[in-house]
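Chemist: Okay, handing you the structure first.
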Amino acid sequence: MMDSKIPAGELADKWKNYKDSSNLINPANRKKLDIIVVGTGLAGASCAATLAEQGYNVKSFCFQDSARRAHSVAAQGGVNAAKNYKNDGDSVFRMFHDTIKGGDFRSREANVYRLAECSLALIDQAVAQGVPFAREYGGYLNNRSFGGVQVSRTFYARGQTGQQLMVGAYQALMRQVSAGKVQTYTRHEMLDLVLVDGKARGIIARNLETGEIERHAANAVVLATGGYGKVYYLSTLAMGCNTSAIWRAHKKGAFMSGVSWIQFHPTCLPQIGETQSKLTLMSESLRNDGRIWVPKKAGDERVPNDIPEEERDYYLERRYPTFGNLSPRDISSRAAKERIDAGCGVGPMKNAVCLDFSKAIKEQGRDKIEEKYGNLFRMYDKINGVDAYKEPMLISPAAHFTMGGLWVDYNLMTTIPGLFALGEANFSDHGANRLGANSLLQSCVDGYFIAPYTIPNYLSGELKAEKITTEHPAFKEAEDAVQAQIIRFLNVDGHLSADYFHKALGKLLYDKCGLSRTKKSLEAAVIEIKALKKSFDHELKIPGDDQLNSELEKAGRVADFLELGVLMCYDALQREESCGAHFREEYQTTEGEALRNDEDFCYVSAWEWKGEEVQQELHKEPLVFEAVKLTVRSYK
Amino acid sequence: MKLYLKVWRQENRTSGGSMIDYEVDGISEHMSFLEMLDLLNERLILKGERVIEFDHDCREGICGACGMMINGRAHGPLTGTTTCQLHMRSFKDGDTVYIEPFRAAAFPILRDLKTDRSSFDHIIQAGGYISASTGQAPESNSILIAHDTAEAAFDAAACIGCGACVATCKNSSAALFTSAKISHLVLLPQGKTESADRVIKMISQMDAEGFGHCTNTEACEVECPQEISSLHIGRMNYEYNKALILRK
Amino acid sequence: MKQTTLIYKLIMAATGLFLCFFLVIHLLGNLQLLLPESEAREQFNWYSHLLSGNIIIKIISYVLYLSLIGHAVYSLLITLKNKKANGTKYVYDKRAKVSNWNSRNMGILGTIILIFLIIHFKDYWYVYKFGNLPLDAKGNKDLYAIVISSFQQGWYVLIYEISFLALGFHLLHGFFSATRTLGLYHPKYAKAVRIFGWIYSVVITFGFMQIPIYIYFNLHS
């Protein structure tokens, strides 16, 4: 069942070989085939637009009110591509190698190589669409460098690269809407996947405005629904980000992989109150000039500016003299947590560290710092009412990106035939830790360049398949289940809001399955989440009707998060090693660094749903490394 | 602090609505405006009342989902700020705060503060794109774009499609939104090819959606969270006039 | 082709700018009233005669009437469409804080100007064209005498001054708005034209305003 279907041949030739031998569909036949794409972020919009350009009929779904708003817009830093415009020794292989190493050797070689290979075409495509990437004065594209690599391969559009790529993909999608090849269903949420004869043949979606439950049939279903980091409630993600689409697909038979690999971004704004809903990300680029420190003395009550230089602990510079403040995300986040747990945190909730620009301002002048980071300082001031030119920023790690997701093969197809997962919704390319500026890349590459080859390859076998309509009993069955769940939510009539459960789950996961985990904490978390789930089933209160009702939407999402939370813990439990973002305290070196175990854990976990009240079954996809040598990641 | 809210409540597209009073205490100045509404909603849930519906998503000022009239101003009293980035320190204890949806004939109200802004999508569908299908792109560095041109295009492309420009316009005109897209695309060499067709189609669509005339009051650029300049409206007019004269 | 909002706006801009141009001619004529009394009468009456004879002037005057009517009619159409675009009204509306009041109230200012024009046409244009006027020494109709006598009344001067102020604020926004509608977008030149517009508006407004006051205080019929 879990054949990764990696094409034969040399690593560098695999994708070419695939394309040369994949099955094609005659243009006249393409218009007979319907494809559902759920999600309109970078992966979803680009995939829907590209498939429509090829001639397929596409239905595009998103829960937002417009296809332009998916959380891809929030990515700030940039997008990587091995163009080597800086002539600094970059190449597809080097980018591949950086990504594999950055992921702590827990991703598939062939997929990662293809990612690096397709990065070249992505920049061309984005420029052709009108994405205003930064330019040098001569008119050529500019690059900057990002954490964890030694070359400059990051293309950027100020601090809004994600937004600009998103606008490009959105416009491509709108173009196909006006060409009549794409139908958009905004304010629609997918609530179930419909299988016929074991193949994905449609979805059940809820019209979030009218509350109507709709059936949609297709020849293939694409999930590009993003990551599930919102499971922690407080995160850098949008309020609407959820796991429901992939989770409900999981419950219909798609395997989930690497579920506990979740990246915590080190430079986010800390929680300062119980009602907070969001931990806003501050660009990682701030660490180029900002120095990170905490007071040496635990429980220091003084405000940061009153703490003299000799009583400050620049812990990243102390622990990682080579990379210092620019150490990779997982390492920086963990080091911050270590200090905060030791009681050295600052801020009203003692949960933050200082990001200090006083030295940079002294050396380079305020003007220079303002020129580089002015917008970020303004944003900081807007949110906190604090002038960061005068006092240090307070930052803290926050849940950010999920490397895990639906298991997919080289075709980006899940274990359910006809069901594809793209972008952050799948697990494939980042291993146990994602490098900066690789997420935009992966979602775009999946959508523009990979799925539009692999989906037709699958569909070529479906041309003769029986035409399915929404009258098929499978649709009725799925719709009834969805209806039943909605009625159940509305009828519980308890006394606690969906957010209450979401926040409780988030806190639990932060403490027990967050930046670091232990067997004990994970086992405790499983019990507590299950108890929370029980309470959710009986004490939830959803006022209002079954039409437009955001509480009802939240309830469905929280129900899925509660189940996912348990699986995250199981996934973290089974992996008795530390790798990338997954840090088991039992498995560390004497210096407190992650201790990987390639002998026993050089595999990708893939969990199969076995029914309610039953633990999922673990499958393992062994990772084979032929082109790179497994080494210890060191940033000392 | 304690606030006295007057919030627009409406059942659906066709029903009328009215302002309903709520008292909210225990507000911290660090809360964002939307978190204050979360707090109120949480209390409404416990009382078994239907929550106040409002659009929101990223809560970091970039998705463009949130947007309401707060004390008679689009996105509230600050300029260059989305509703989600407005914090309660901008209000005083005891203040009365009026909260209404963005109003325009082209933005029908769905429920409470949620509006339907798909008219913006329709304007983009009419021509707000460069026709470059996947696979057609030439090598990216073969299209040279001066640094300042790229920056100017970015300034226009930064639009988040929130609709504050329409809400604050006394004519409910979508000129700033439409012109930002036209400007973004016409500034770039890739986008020039279709510029005449694009501007005519987008403006016709803007009219068809029922937006009003731009009378250049420039209120839009003040309330725009991305501070998009109303000079783009001038450029749109230029492109339109040019197209009228030169198009076959 | 279907008339789009922008075509309506172009008509407003074109007619408005033509009226701006006409105001300059009109002001130049009126300034002759400020000449020493002995010269002013004949000079002004000669100029008035000039503006009513010539075929070119005739054509221009028809364009002028059309512009006035077009400007008024299209402003009405635009206002109606805008009202329709507004949808339901805000219960609490402080949008006025973010734009200049004159830019928001062009319709009201325009209405004041329109009422003024009716009075103005009735008292001078109609009288000159269809009334029985005495002739001056050169045999031209003595409009000068009527002008001087009407501005002896304080309330009449006041009507004129208020109308000129309305005109001033109308121009202040109108001139800039018209250039933008015509497509001026270059940051540098748009700014220069905007400054020119301010100077133009101020000069025209005060140019017109000083004349009734001068007459009221200095000349007696």
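The values are calculated or read from the model by the stated rules, or taken from the named source; none is laboratory data. Keep in mind the model is a prediction, meaning the values are calculated, not measured. Counting neighbours? That spans all protein chains shown, and the Cβs are built from the backbone with ideal geometry, glycine included. Keep in mind that these areas ignore ligands, DNA and RNA; they rest on the heavy atoms of the full protein, side chains included. Shrake-Rupley method; radii C 1.70, N 1.55, O 1.52, S 1.80 Å.
Chemist: Tally the residues that are in contact (Cβ under 8 Å) with a residue 12 or more places away in the chain, more than 22 Å from residue A:3 (Cβ to Cβ) and of a type in the set (Asp, Glu), restricting the search to segment A:378-425.
Modeler: Within segment A:378-425, residues that are in contact (Cβ under 8 Å) with a residue 12 or more places away in the chain, more than 22 Å from residue A:3 (Cβ to Cβ) and of a type in the set (Asp, Glu) number 2.
Chemist: Considering only residues that are among the aliphatic types (A, V, I, L, M) and in contact with a Cys (Cβ under 9 Å, 6 or more places away or on another chain), which ones fall in segment A:490-520?
Modeler: Scanning segment A:490-520 gives a single hit, A:509.
Chemist: Among the residues of segment B:3-10, is any open to solvent by less than 10 Å² (accessible area, probe 1.4 Å), more than 10 Å from chain C (Cβ to nearest Cβ), out of contact with any strand residue (DSSP E or B) (no Cβ under 8 Å at 6 or more places or on another chain) and of a type in the set (Val, Ile, Thr)?
Modeler: The answer is no, given that none of the residues of segment B:3-10 is open to solvent by less than 10 Å² (accessible area, probe 1.4 Å), more than 10 Å from chain C (Cβ to nearest Cβ), out of contact with any strand residue (DSSP E or B) (no Cβ under 8 Å at 6 or more places or on another chain) and of a type in the set (Val, Ile, Thr).
Residues checked against (1) open to solvent by less than 10 Å² (accessible area, probe 1.4 Å); (2) assigned by TED's automatic domain parsing to the domain that holds residue A:572; (3) among the aliphatic types (A, V, I, L, M):
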position: A:245; (1), (2), (3): yes, no, yes
position: A:248; (1), (2), (3): no, no, no
position: A:251; (1), (2), (3): no, no, no
position: A:272; (1), (2), (3): no, no, yes
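Chemist: What is the number of the single condition among (1) modelled with pLDDT of 95 or more; (2) in a helix (DSSP H, G or I) that residue A:101 does not meet?
Modeler: (1)
Chemist: Residue B:94: modelled with pLDDT of 95 or more and open to solvent by less than 10 Å² (accessible area, probe 1.4 Å), yes or no?
Modeler: Criteria not met by residue B:94.
Chemist: In segment A:584-600, is there at least one residue being within 16 Å of residue A:499 (Cβ to Cβ) and either buried (at least 19 other Cβ atoms within 10 Å of the Cβ) or not aliphatic (A, V, I, L, M) (or both)?
Modeler: no
Chemist: Would you mind listing the helices (runs of 4 or more DSSP H) fully within segment A:284-373 where at least 3 residues are in contact (Cβ under 8 Å) with a residue 24 or more places away in the chain, in contact with a strand residue (DSSP E or B) (Cβ under 8 Å, 6 or more places away or on another chain) and open to solvent by 20 Å² or more (accessible area, probe 1.4 Å)?
Modeler: Passing ranges, in order: A:329-339.
Chemist: Hey, another quick one. So is residue C:65 of a type in the set (Phe, Trp, Tyr), in a helix (DSSP H, G or I) and in contact (Cβ under 8 Å) with a residue 60 or more places away in the chain or not?
Modeler: Taking the combined requirement at face value, the residue does not satisfy it.
Chemist: Any idea how many residues of segment B:1-34 are outside any strand (DSSP E or B) and either touching a residue at least 40 places away in the same chain (Cβ under 8 Å) or within 15 Å of residue A:551 (Cα to Cα) (or both)?
Modeler: Within segment B:1-34, residues that are outside any strand (DSSP E or B) and either touching a residue at least 40 places away in the same chain (Cβ under 8 Å) or within 15 Å of residue A:551 (Cα to Cα) (or both) number 12.
Chemist: Are there any pairs with C-beta distances below 7 angstrom linking a residue in segment C:192-221 that is within 22 Å of residue C:155 (Cα to Cα) and surrounded by 13 or more Cβ atoms within 10 Å (Cβ to Cβ) to a residue that is β-branched (Val, Ile, Thr) and at pLDDT 95 or above, with the two at least 6 apart or on different chains, and if so which?
Modeler: Sorted first by the residue in segment C:192-221, then by its partner, the pairs are C:212/C:157; C:213/C:157; C:216/C:157.
Chemist: Return yes when residue C:86 is within 14 Å of chain B (Cβ to nearest Cβ) and open to solvent by 70 Å² or more (accessible area, probe 1.4 Å) and no when it is not.
Modeler: no
Residues are listed down the side, and each one gets a yes or a no for (1) under 28 Å from residue B:62 (Cβ atoms); (2) of a type in the set (A, V, I, L, M):
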site: B:203; (1), (2): yes, yes
site: B:207; (1), (2): no, no
site: B:212; (1), (2): yes, no
site: B:226; (1), (2): yes, no
site: B:244; (1), (2): no, yes
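Chemist: Within segment A:412-506, considering only helices (runs of 4 or more DSSP H) that don't extend past its boundaries, which have at least 1 residues that are surrounded by fewer than 24 Cβ atoms within 10 Å (Cβ to Cβ) and out of contact with any Ser or Thr (no Cβ under 7 Å at 6 or more places or on another chain)?
Modeler: By residue number, A:451-459, A:473-492.
Chemist: Look through C:46, C:101 and report the one residue that is within 10 Å of another protein chain (Cβ to nearest Cβ) and of a type outside the set (S, T, N, Q).
Modeler: Step by step, each of C:46, C:101 is checked, and only C:101 is within 10 Å of another protein chain (Cβ to nearest Cβ) and of a type outside the set (S, T, N, Q).
Chemist: Which of (1) crowded, with 16+ Cβ neighbours inside 10 Å; (2) over 30 Å from residue B:245 (Cα atoms) does residue C:176 not meet, given it meets every other one?
Modeler: Status for residue C:176: all satisfied but (2).
Chemist: Can you tell me how many residues in segment B:33-81 are open to solvent by less than 10 Å² (accessible area, probe 1.4 Å) and of a type in the set (Ser, Thr, Tyr)?
Modeler: 1
A quick yes/no check of all residues on (1) buried (at least 23 other Cβ atoms within 10 Å of the Cβ); (2) more than 9 Å from chain B (Cβ to nearest Cβ):
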{"position": "A:166", "(1), (2)": "yes, yes"}
{"position": "A:172", "(1), (2)": "yes, no"}
{"position": "A:175", "(1), (2)": "yes, no"}
{"position": "A:179", "(1), (2)": "no, yes"}
{"position": "A:182", "(1), (2)": "yes, yes"}
{"position": "A:190", "(1), (2)": "yes, yes"}
{"position": "A:193", "(1), (2)": "yes, yes"}
{"position": "A:199", "(1), (2)": "no, yes"}
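Chemist: Now, a different point. Looking at (1) open to solvent by 10 Å² or more (accessible area, probe 1.4 Å); (2) assigned to a loop (DSSP other than H, G, I, E, B), can you tell me which one residue A:72 breaks?
Modeler: Tallying (1) open to solvent by 10 Å² or more (accessible area, probe 1.4 Å); (2) assigned to a loop (DSSP other than H, G, I, E, B), residue A:72 fails exactly one: (2).
Chemist: If we only count strands (runs of 3 or more DSSP E) wholly inside segment A:114-231, which ones have 2 or more residues that are of a type in the set (Val, Ile, Thr), out of contact with any His (no Cβ under 8 Å at 6 or more places or on another chain) and within 18 Å of residue A:53 (Cα to Cα)?
Modeler: Fully inside segment A:114-231 and qualifying: A:182-185, A:220-223.
Chemist: Something else: Quick one: how many residues across segment A:374-390 are assigned to a loop (DSSP other than H, G, I, E, B) and open to solvent by 60 Å² or more (accessible area, probe 1.4 Å)?
Modeler: So the answer is 1.
Chemist: I would also like to ask the following. Going through C:165, C:182 one at a time, which residue ends up being under 20 Å from residue C:114 (Cα atoms) and either open to solvent by 20 Å² or more (accessible area, probe 1.4 Å) or modelled with pLDDT of 95 or more (or both)?
Modeler: Among C:165, C:182, only C:165 is under 20 Å from residue C:114 (Cα atoms) and either open to solvent by 20 Å² or more (accessible area, probe 1.4 Å) or modelled with pLDDT of 95 or more (or both).
Chemist: Here is a follow-up. Just to be sure before I move on: is residue A:557 outside any helix (DSSP H, G or I) and surrounded by 16 or more Cβ atoms within 10 Å (Cβ to Cβ) in the structure I sent?
Modeler: Criteria not met by residue A:557.
Chemist: Residues A:94, A:106: which one is over 30 Å from residue A:556 (Cβ atoms), touching a helix residue (DSSP H, G or I) at 6+ places or on another chain (Cβ under 9 Å) and open to solvent by 30 Å² or more (accessible area, probe 1.4 Å)?
Modeler: Exactly one residue qualifies, and that residue is A:94.
Chemist: Condition first: more than 13 Å from every other protein chain (Cβ to nearest Cβ), of a type outside the set (Asp, Glu) and without any contact (Cβ under 8 Å) to a residue 60 or more places away in the chain. Can you find one or more residues in segment A:62-80 that meet it?
Modeler: The answer is no, given that none of the residues of segment A:62-80 is more than 13 Å from every other protein chain (Cβ to nearest Cβ), of a type outside the set (Asp, Glu) and without any contact (Cβ under 8 Å) to a residue 60 or more places away in the chain.
Chemist: Here's something else I'd like to know. Could you tell me whether segment B:98-105 includes any residue that is more than 10 Å from chain A (Cβ to nearest Cβ), surrounded by fewer than 22 Cβ atoms within 10 Å (Cβ to Cβ) and assigned to a strand (DSSP E or B)?
Modeler: Yes: segment B:98-105 contains one or more residues that are more than 10 Å from chain A (Cβ to nearest Cβ), surrounded by fewer than 22 Cβ atoms within 10 Å (Cβ to Cβ) and assigned to a strand (DSSP E or B).
Chemist: Out of B:152, B:208, B:167, which single residue is closer than 20 Å to residue C:185 by Cβ and at pLDDT 95 or above?
Modeler: One residue alone meets the criteria, B:152.
Chemist: Also, quick follow-up: Restricting to segment B:174-194, and then to whatever is of a type in the set (S, T, N, Q) and open to solvent by 10 Å² or more (accessible area, probe 1.4 Å), can you tell me which residue is nearest to residue A:166 (Cα to Cα)?
Modeler: B:190
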